[in-house]
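The structure appears below as structure tokens.
The values are calculated or read from the model by the stated rules, or taken from the named source; none is laboratory data. All values reported here derive from a predicted model rather than from experimental measurement. We place every Cβ from the backbone using ideal geometry, glycine too, and count neighbours over all the protein chains shown. The area values use the complete protein model at the heavy-atom level, side chains included, leaving out ligands, DNA and RNA. Shrake-Rupley method; radii C 1.70, N 1.55, O 1.52, S 1.80 Å.
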Amino acid sequence: MPRKGTQKVKTGCFTCKQRKVKCDETKPHCLRCTSHGRACGGYPAHLIGAYSWAELLSKQVVPAITDRRTTQEGRALEFYRSVVAPVFSGYSDGAFWSHLVVTASYQEPAVRHAVIAISSIYEQMVGEQAQHAHLFDSPRRRFAIGHYNRALQQLTKTDDEGVVLFVCVLFVCIEILQENKDAAIDHVRHGVVIFNNSKASSSVWARSQLLPMFIRLSIFPFFFGGTVDTFPGISEFDADLPGIHTALEASRFRLDLLVARCVRFIRSVDPYREWPLSHEPISETLRTEQQTLSVMLDEWLHSFSAFRTTNPPPNSDAEGLYMIMQMKGLVGKIWVSTCADRNEMAYDSLLVHFQEIVAMAGLAVKTENNRAANLDEPALKPKFIFEMGYLPLLYFVVIKCRDLPTRLAALEYMTALSFNRECLWDSVLMFSIAWRIIELEHCVDRRSFEAHGSYLDPAEYGPDTVLVPPEEMRIKDSKSIRDAEFRQNRYLQAAPHCKVTFLVWGPDGQSRMIDEWVEIRPPVPRGQQIYGLEPYEPTPERLPVIEDSIYAGSWDD
């Protein structure tokens, strides 16, 4: 009769296993070894797939690389880890891209294939020969798309909604990198629907790690064709978000929720401003929502100002996040206050808020200059970040603030602070459209300003310059349609052109649309990645006196 034994345990430390004694499995070193003065040899690495998602997202697990890959796949994963992940988040918390995605790529095949696709597309995008990766058919692109398809296939094999949501973010990234806005919006819509209609909304790790991401992602579709009728909003999440440990995280989450709500409200009001309800009174429901949002934005700005005073940013990256958060709150305040007005003059009364945004951007430039000065060799700015940075915020100032010195300062800082691509926002395209709007509204010439070397010098203003244009000269709205190749080939232009539709005032006092081919030309190089600019400070005679401004004096905080 064979001897009855016990089941062999494979999870103990190396020392206990060698001594053939039972290990108590205390981490990181077992008590059985340390209490007897022995050196604990540690524990075997987990096999791929052995971690739960809760363990993966604990930010303490780094699995050993034990699976086999082709050389090309391994190179793509290493390129992602060392080059892509550190820059993807911009000024946001980089833990998602640098830790969670890297760790999950060792756990989930769908994540691994998606990361390989992201890495390969990004490497092609930043290459010298490919300004827009989606326009080029190359072995690397075919390799990337192949892994994207394999990630899609792997995703059909799981019913874990947390995994689906996690990979959904990566799919959004792949489509944004390729500038496939419709596909990117579809992936975001899919993720929002899952959050709204399934048990994923009650998962602690999905809510803590993915809900904030989807709240921020739910904003960009409204800038690229999405409407409140076609794109769902995330259901109200009034409870505290699990996983928030700091006042900064709580403040950012409240701001994200508030901004998402503001953007949906603004798009709900658009038909009353332009078409087809421009002759109808705005509903009381929308008026009430406007007042509610305005109060909530004021409260957030007050609380965040107090937070900044007691909790100064510990480093330049954190300072950038502080700046972007406060600028985002101010842009929301301006936009919500004016979105129901049917003329552009409403923005003039909020000049002080525009100037505060620009002043903060100037301080951000100074911070970047100081950081670059402390480096032996200043690092090149990455060409892409996954979420918005300074670009859309300063672009809003440029196109809606009609005070020429203020909008030119915003334009200068936009070029100094922005990345080439922020989500789907293209800095060169936005810079070119913004300059064309300035030319039309102020009767100035871009080339003469660029010849002088700065947009901040009033000496460049010509005799016909209009400092603050009247209503009939103002551009109400603009929409670009990328058709640059057609224009370039047809007219043999050296620079590409983009078809832009402007909404302007007609001779009959009614708004109408006109199309124009706008030259897409980047800023004139200044010889540095960050310009040597002094922080913009509006002169006292140009600063409106607003006695009860809640932001008075905040420039010197």
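A few points about this structure:
- Residue-by-residue Karplus 3J(HN,Hα) for segment 385-393, coefficients 6.51, -1.76, 1.60, Hz, glycine and proline x: 10, 6, 10, 5, x, 7, 4, x, 5
- Projecting label points 7 angstrom from Cα along Cα→Cβ for Asp515 and Thr285 puts them 3.7 nm apart.
- For segment 177-229, the solvent-accessible area of protein heavy atoms averages 38 Å² per residue (probe radius 1.4 Å; ligands and nucleic acids excluded).
- Dividing the mean sequence gap of close Cα pairs (under 8 Å, 6+ apart) by how many residues segment 248-384 holds gives a relative contact order of 29 percent.
- Local net charge near Arg421, Cβ-Cβ under 10 Å (Lys/Arg +1, Asp/Glu -1): -2
- Gain on full stretching of the segment that runs from Thr246 to His29 - 0.36 nm per residue minus C-alpha separation: 75.1 nm
- Taking every protein chain into account, the 1.4 Å probe leaves Trp517 with about 70 Å² of accessible area, to the nearest ten.
- Stretch gain in nm, segment His190-Lys20, where the contour uses 0.36 nm per residue and the Cα spacing is subtracted: 56.0 nm
- Arg81, Arg436, Arg273, ranked by accessible area, largest first (probe 1.4 Å): Arg81, Arg436, Arg273
- Residue-level accessible surface for Met360, protein heavy atoms, 1.4 Å, Å²: 10
- Our coupling estimate for segment 274-291, obtained by passing each phi through the Karplus curve with A = 6.51, B = -1.76, C = 1.60 and θ = phi - 60°, is 10, 6, x, 10, 5, 9, 9, x, 6, 4, 5, 4, 5, 4, 5, 4, 4, 5 Hz, Gly and Pro reported as x.
- Long-range amide H partners of Cys13 with built H, under 5 Å: Glu25
- Residues whose amide H lies under 5 Å from that of Ser478, counting only those 5 or more places away or on a different chain, are Leu503; hydrogens are built 1.01 Å from N in the peptide plane.
- The GluC sites (Glu not before Pro) found in segment 218-322 that occupy coil by DSSP, while having at most 13 further C-beta atoms within 10 Å, are Glu236.
- Among the protein heavy atoms of segment 300-344, carbon and sulfur supply 51% of the accessible surface, probe 1.4 Å, non-protein parts ignored.
- Summarising the label geometry, the points placed 7 Å from Cα in the beta-carbon direction at Ser448 and Thr156 lie 6.2 nm from one another.
- Within segment 152-236, chymotrypsin sites (Phe, Trp or Tyr not before Pro) in DSSP loop having at most 14 other beta-carbon neighbours inside 10 Å: Phe224
- A 1.4 Å probe over all protein chains sorts Thr309, Thr465 by accessible area into Thr309, Thr465, starting with the largest.
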